[in-house]
Amino acid sequence: MIVLASLLSFSIGSWQSAVANAVPQPQLPLQALQDFVNVYERVRSEHIEPRSDEELLTLALQGLMLKLDPYSAFLDADATRALEEATSGSYVGIGVEIEPAGHHILVITPIDGSPAQIAGIKAGDWVTHINNRSVKGLDQMAIYRLISGPEGSEVKLRIMRQGQQLELTMRRTQINIPSVRSEMMANQIGYLRISQFQEQTAAELIKHMQTLHKEGAKAWLLDLRNNPGGLVDSGVAVADAFLHKGTIVSIRARHEDGNLDYRADAQDHSKKLPTLVLINQGSASAAEIVAAALQENRRAKLAGQTSFGKGSVQSVISLDEERSIKLTTAYYFTPRGYNLNSNGIKPDYKFSETIASEAALEKALDLLHKQL
């Protein structure tokens, strides 16, 4: 079972058994089951387009997941494989993190250097059409099928941005996401950019920090702008690299045995150097875990804009060798007990939402230099 915003592994059977053992299950409502059977039979026998039982049952599963929350979904073999590729850091696509919301699709963030970013897609955009087809009412699987395709093929998105309609065309390509990059900036400030939280992100980050520290880094600028998140465990490990004590994040599930509290260990890879974290409205999920942990443990100040506000955890539970479900199974809470779902994290130093990326970086460097 993959847990997004952590990667755990277990089968649907063992998950069902654990839940059944933990909590007595109420009897199924017979009238509701009969209603389902009646509707199913009507659809199978009278809908204008005949469908097989397998197709209808798959549609029923997709509908069930679609109505739970924006992040839960039924994943067929292609979608399951795509999710696994995305968390590994390499896949074919346009490189954009999206979320179905109402009748449209909300762009959480484009990936650094991706066709989506190059074409001008921005965090907060609303996608209304993909290849001239309206996205209204589509679940994540249908959206995935529209937006994906072979390498080199084109996809056209119609978006709404502050009341303005735009048509953007981009070519699908191999997306290789370098999780961490770094450089030494002016005044011996070590710049650390994390674009997404993958399996090896924390290990890569520590190597970059060690190199910069040997070169004389006197402070850290951690850039989490337009970082859509990824794996919870990875975010926890990154926060731990800057902390030597304190709570990082608390996970609260429906059942008590699913609750987790993550605390920092005594090792501090950051050498306690002054630290500033850059965030914006495209910083989400695991990125917010890191930002909140450093802010609330008084280890770092935050600069930029209020973050996206995704405080839920999704578990990817295998149904068989190919199919799975992505199910919201918990909320996470910051060290001070704040669930930022739909609210986000407020920075200590607020930048204008219209500030250019380079200008925000220069402003953050100036703020950090004043702390030295």
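Restricting to segment 74-90, name every residue that is assigned to a strand (DSSP E or B) and either out of contact with any Lys or Arg (no Cβ under 9 Å at 6 or more places or on another chain) or on the phi > 0 side of the Ramachandran plot (or both). I'd like the intermediate steps shown before the answer.
Restricting attention to segment 74-90, the residues satisfying the condition of being assigned to a strand (DSSP E or B) are 74-75, 90.
Of everything in segment 74-90, just one residue is assigned to a strand (DSSP E or B) and either out of contact with any Lys or Arg (no Cβ under 9 Å at 6 or more places or on another chain) or on the phi > 0 side of the Ramachandran plot (or both), namely 90.
Just the residues that are assigned to a helix (DSSP H, G or I), surrounded by 13 or more Cβ atoms within 10 Å (Cβ to Cβ) and either modelled with pLDDT of 90 or more or more than 22 Å from the chain's Cα centre (by Cα) (or both), please, taken from segment 44-64. Quick ask: steps written out before the conclusion?
At the first step, the residues of segment 44-64 found to be assigned to a helix (DSSP H, G or I) are 44-46, 53-64.
From the residues that got through so far, the ones that are surrounded by 13 or more Cβ atoms within 10 Å (Cβ to Cβ) too are 44, 56, 58-62.
44, 56, 58, 59, 60, 61, listed by residue number.
Show the residue pairs meeting these rules: Cβ distance below 8 Å; 6+ apart or different chains; first residue within segment 177-190 and farther than 16 Å from residue 207 by Cα; second residue of a type in the set (S, T, N, Q) and part of a strand (DSSP E or B).
Matching pairs, first to second residue: 177/90.
Being in contact with a helix residue (DSSP H, G or I) (Cβ under 6 Å, 6 or more places away or on another chain), charged (D, E, K, R) and farther than 22 Å from residue 98 by Cα is true for just one of 207, 218. Which residue is that? If you could, list the steps in order and put the result at the bottom.
On the way: 207 fails: in contact with a helix residue (DSSP H, G or I) (Cβ under 6 Å, 6 or more places away or on another chain).
Of 207, 218, the one residue that is in contact with a helix residue (DSSP H, G or I) (Cβ under 6 Å, 6 or more places away or on another chain), charged (D, E, K, R) and farther than 22 Å from residue 98 by Cα is 218.
For segment 131-152, check the following and say yes or no: at least one residue is in contact with a strand residue (DSSP E or B) (Cβ under 9 Å, 6 or more places away or on another chain) and under 24 Å from residue 194 (Cβ atoms).
No; the residues of segment 131-152 include none that is in contact with a strand residue (DSSP E or B) (Cβ under 9 Å, 6 or more places away or on another chain) and under 24 Å from residue 194 (Cβ atoms).
Which of the residues belonging to segment 174-211 are among the hydroxyl-bearing types (Ser, Thr, Tyr) and surrounded by 18 or more Cβ atoms within 10 Å (Cβ to Cβ)?
First, the residues of segment 174-211 that are among the hydroxyl-bearing types (Ser, Thr, Tyr): 179, 182, 191, 195, 201, 211.
The answer is 179, 182, 191, 195, 201.
Which is within 22 Å of residue 184 (Cβ to Cβ), modelled with pLDDT of 95 or more and out of contact with any helix residue (DSSP H, G or I) (no Cβ under 7 Å at 6 or more places or on another chain), of 363, 370?
Numbers: 370 fails: modelled with pLDDT of 95 or more.
Every option except 363 fails the conditions.
Run residue 242 past the list (1) in contact with a Pro (Cβ under 8 Å, 6 or more places away or on another chain); (2) buried (at least 21 other Cβ atoms within 10 Å of the Cβ) and report the number of the one that doesn't hold.
(1)
Any idea which of (1) closer than 23 Å to residue 356 by Cβ; (2) in contact with a helix residue (DSSP H, G or I) (Cβ under 7 Å, 6 or more places away or on another chain) is the one residue 198 doesn't satisfy?
Only one criterion is unmet by residue 198, namely (1).
Taking the condition among the aromatic types (Phe, Trp, Tyr), under 28 Å from residue 224 (Cβ atoms) and not in a strand (DSSP E or B), does residue 71 pass?
Criteria met by residue 71.
Can you go through 293, 284 and tell me which one is assigned to a helix (DSSP H, G or I), crowded, with 24+ Cβ neighbours inside 10 Å and of a type outside the set (Ser, Thr, Tyr)? Let's see the steps before the verdict.
Working: 284 fails: assigned to a helix (DSSP H, G or I).
Of 293, 284, the one residue that is assigned to a helix (DSSP H, G or I), crowded, with 24+ Cβ neighbours inside 10 Å and of a type outside the set (Ser, Thr, Tyr) is 293.
Is it the case that some residue within segment 306-325 is of a type in the set (Lys, Arg), surrounded by 21 or more Cβ atoms within 10 Å (Cβ to Cβ) and either modelled with pLDDT of 95 or more or not assigned by TED's automatic domain parsing to the domain that holds residue 97 (or both)? Let's see the steps before the verdict.
So in segment 306-325, the residues of a type in the set (Lys, Arg) come out as 310, 323.
Now drop any that are not surrounded by 21 or more Cβ atoms within 10 Å (Cβ to Cβ), which leaves 310.
Narrowing further to those that are either modelled with pLDDT of 95 or more or not assigned by TED's automatic domain parsing to the domain that holds residue 97 (or both): 310.
Within segment 306-325, one or more residues are of a type in the set (Lys, Arg), surrounded by 21 or more Cβ atoms within 10 Å (Cβ to Cβ) and either modelled with pLDDT of 95 or more or not assigned by TED's automatic domain parsing to the domain that holds residue 97 (or both).
The values are calculated or read from the model by the stated rules, or taken from the named source; none is laboratory data. As the structure is a prediction and not an experimental result, all values here were calculated from the model. Virtual Cβ from ideal backbone geometry, glycine too; neighbours counted across all protein chains shown.
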